[in-house]
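> Starting off with a structure, shown below.
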Amino acid sequence: MKKWPLLAAAAAVPAQRLARKLSSSGLPQPAPLPPSVPVPHADPPAEMDLVAVPTGVNNRVAAYAYTGGSFFDKRDFYIGAALIKHPQGDLLVDSGFGRDIAKQFATMPRLFQKMTKYEVWKPAVEQLEAADYDFSRLSGILLTHAHWDHMSGIPDFPDLPVLVSRRDRAAFYNPEIFGNFRGYFRDTPFKWQEFSFEGGPYLGFPRHHDVYGDGSIVCVPAPGHTPGSIIIFVTLTHQVRYALVGDLVWQREGLTRRLERPFPIRRLGDFDAEGNRQNILRMASIMQSIPDLIVVPAHDQRAFAEMSQLPNVTTRGRILSAT
Ligand SMILES: [Zn+2]
């Protein structure tokens, strides 16, 4: 008789794990940041701005984006960049679809190509040209992570340094890591510029990198989706705060309701799903402590509508002058 409770307990462990994998409820709400973790001071210059640069969409549904999402809830994933304007040098966060996307996409695994339908509106370089943007202001492309849909446009800016975390630069050349173009970039002479996280703890993250030393653009390590994924905190004047979280989650529900990617998707698409979960919980704590924080998953159009817009682009991301 004594065996049964033991057997039941042994069976319960995988059953609990399975239940969690299949559950459509979110991760538990973490506590806000403790008072010992202050909201960091930032001193942004008045000319700073954050501008959406949409380059197209991936046609997806909510069921692909987060656990419990509906197959009937159509979500066109934003594919694009965000332009941080700063007097010490503008930065493009990610690059969206570039001119060569069709050629690049053909190098992705067959099954992925079958599962993925995308629309290219206009590459970032052409949108900036159309907006009479002064390219001499641009000092680099800052990658949230080194995946295909964030890197496609890099060759359109051949002279720009590509700012990347050390771990993602290494992962980019690892053919076993899913999410990279196969071979397309192998011979592309990127101007990689690795950065390290020289600063101490920041909003509960262990380290940080303050790009211009004024607290206005701060990167923290958030490994999980890729080994070297980062989150970028951008603070504009009047302490308007954004968190560009990359692919930590794909839609805002991933953070507001703490709904991870569905199990099969995170199994396939996340390098370290457990690490990613810890960073979701960290961000959920921060969102409680800074309720006005504007959280920007890299593929959520609603988030990019809360930035400044380039001319001829509606707040819904459609490019009016697309040709
Ligand atoms: Zn992505």
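> For segment 39-309, what does the convex hull of the Cα positions come to per residue, in cubic angstrom? Please list the in-between numbers first.
Values: hull volume 31.6 nm³, N = 271.
Considering the Cα atoms of segment 39-309, their hull volume per residue is 117 Å³.
> Expressed as a whole percentage, what fraction of the accessible surface of segment 209-302 belongs to carbon and sulfur atoms when a 1.4 Å probe is rolled over the protein heavy atoms?
54
> With +1 on the Cβ of every Lys and Arg and -1 on the Cβ of every Asp and Glu, and nothing else charged, how large is the dipole of segment 83-235 about its Cα centre, in debye rounded to the nearest 20?
Dipole size: approximately 640 debye.
> Students often get this wrong, so check it: of 85/114; 74/114; 117/191, which have C-alpha atoms separated by over 28 Å?
85/114; 117/191
> At 0.36 nm per residue, minus the direct Cα-Cα distance, what do residue 238 and residue 170 gain on full extension? Give it in nm, one decimal, please. Numbers along the way, then the final one.
Values: separation 68, 0.36 × 68 = 24.48 nm, distance 3.79 nm.
Gain on stretching residue 238 to residue 170: 20.7 nm.
> Just reorder 118, 173 by solvent-accessible area, largest first, 1.4 Å probe, all chains present.
Output order, biggest surface exposure first: 173, 118.
> Additional query: Round to a whole number: what % of the accessible area of segment 19-110 belongs to carbon and sulfur, probe 1.4 Å?
The nonpolar share, carbon plus sulfur, comes to 58 percent.
> I would also like to ask the following. Mind checking which of 272, 132, 168 has the largest fluctuation in a GNM of the chain, springs on alpha carbons under 10 Å?
Among 272, 132, 168, the largest mean-square fluctuation in the Gaussian network model of the chain belongs to 132.
> Taking the radius of gyration and the Kirkwood hydrodynamic radius from Cα positions alone, what is the Rg/Rh ratio for segment 154-298, to two decimal places?
With Rg and the Kirkwood Rh in hand, the quotient comes to 0.97.
> Just to confirm the number: angle between the C-alpha axis of helix 3-22 and the first principal axis of the chain, 0 to 90 degrees, nearest 10?
20
> Same structure, new question: Among 115, 48, what's the order by accessible area (1.4 angstrom probe), most exposed first?
Final ranking, largest accessible area leading: 115, 48.
> Moving on to the next point. R0 = 25 Å: FRET efficiency of residue 191 with residue 36, Cβ-based, nearest 0.05?
Details: r = 40 Å, r/R0 = 1.61.
Efficiency, from the Cβ-Cβ distance: 0.05.
> Lys and Arg at +1, Asp and Glu at -1: add these up for the other residues within a Cβ distance under 11 Å of residue 227 and post the number.
0
> Another question, then. Can you give the charge dipole size of the chain about its Cα centre, rounded to the nearest 20 debye, using +1 on the beta carbon of Lys and Arg and -1 on the beta carbon of Asp and Glu?
With only Lys, Arg, Asp and Glu charged at Cβ, the dipole is about 1900 debye.
> Now, a different point. Which whole-number value in Å² is the accessible area per residue of segment 39-309, probe 1.4 Å?
That works out to 40 Å² per residue.
> Here is a follow-up. To the nearest 500 deg cm²/dmol, what mean residue ellipticity at 222 nm is calculated for the chain from DSSP H runs of n ≥ 4 alone, each contributing -39,500 (n - 2.57), summed and divided by the residues?
That calculation yields -7000 deg cm²/dmol at 222 nm.
> If you take every DSSP beta bridge fully contained in segment 150-223, what fraction is antiparallel? Give it as a percent rounded to 5.
Values: 4 of 9 bridges.
Once the DSSP bridges in segment 150-223 are tallied, antiparallel ones form about 45 percent.
> Which GluC sites (Glu not before Pro) does segment 196-287 hold that lie in a coil by DSSP with at most 12 other beta carbons within 10 Å?
Those satisfying the criteria are 198.
> Positive end of the charge dipole of segment 39-309 (Lys, Arg +1 and Asp, Glu -1 on Cβ, about the Cα centre): tell me which of 288, 162, 248 has its Cα farthest that way.
248
> Further question: Could you go through segment 246-263 in sequence order and give the Karplus-derived ³J(HN,Hα) for each residue, using 6.51 cos²θ - 1.76 cosθ + 1.60 with θ = phi - 60°, rounded to whole Hz, and x for Gly and Pro?
x, 9, 3, 9, 9, 9, 4, 4, x, 10, 5, 10, 6, 9, 5, 4, x, 3
> Select from 273, 170, 42 the residue whose mean-square fluctuation is largest in a Gaussian network model of the chain (Cα-Cα springs shorter than 10 Å).
Evaluated over the chain, the most mobile residue of the options is 170.
> Additional query: Please report the spacing between the Cα centers of segment 212-243 and segment 35-113 in Å, no decimals.
14
> While we're on this one: Using bins 10 angstrom wide from zero, how does P(r) for segment 81-234 break down, in % of all Cα pairs?
Pair shares across the bins are 10, 39, 35, 14, 1.
> Residue 72 to residue 29: extension gain in nm, 0.36 nm per residue of separation minus the Cα-Cα distance?
So the extension gain works out to 12.8 nm.
> Same structure, new question: Could you give the angle, 0 to 90 degrees to the nearest 10, between helix 273-289's Cα long axis and the longest principal axis of the Cα atoms of the chain?
The angle comes out at about 70 degrees.
> By what distance, in whole Å, do the Cα atoms of segment 244-297 stretch along each of the three principal axes, largest value first?
The Cα atoms of segment 244-297 stretch 33, 17, 17 Å along their principal axes.
> Of 35, 221, 69, whose Cα points farthest to the positive end of the dipole of the chain (charges on the beta-carbon: +1 Lys, Arg; -1 Asp, Glu; origin at the Cα centre)?
Positive-end residue among those listed: 69.
The values are calculated or read from the model by the stated rules, or taken from the named source; none is laboratory data. For clarity, every value in this text was computed on a predicted model and none was experimentally measured. No Cβ is skipped: glycine too gets one built from the backbone with ideal geometry, and neighbour counts run over all protein chains shown. Accessible surface areas use protein heavy atoms only, side chains included; no ligands, DNA or RNA. Shrake-Rupley method; radii C 1.70, N 1.55, O 1.52, S 1.80 Å.
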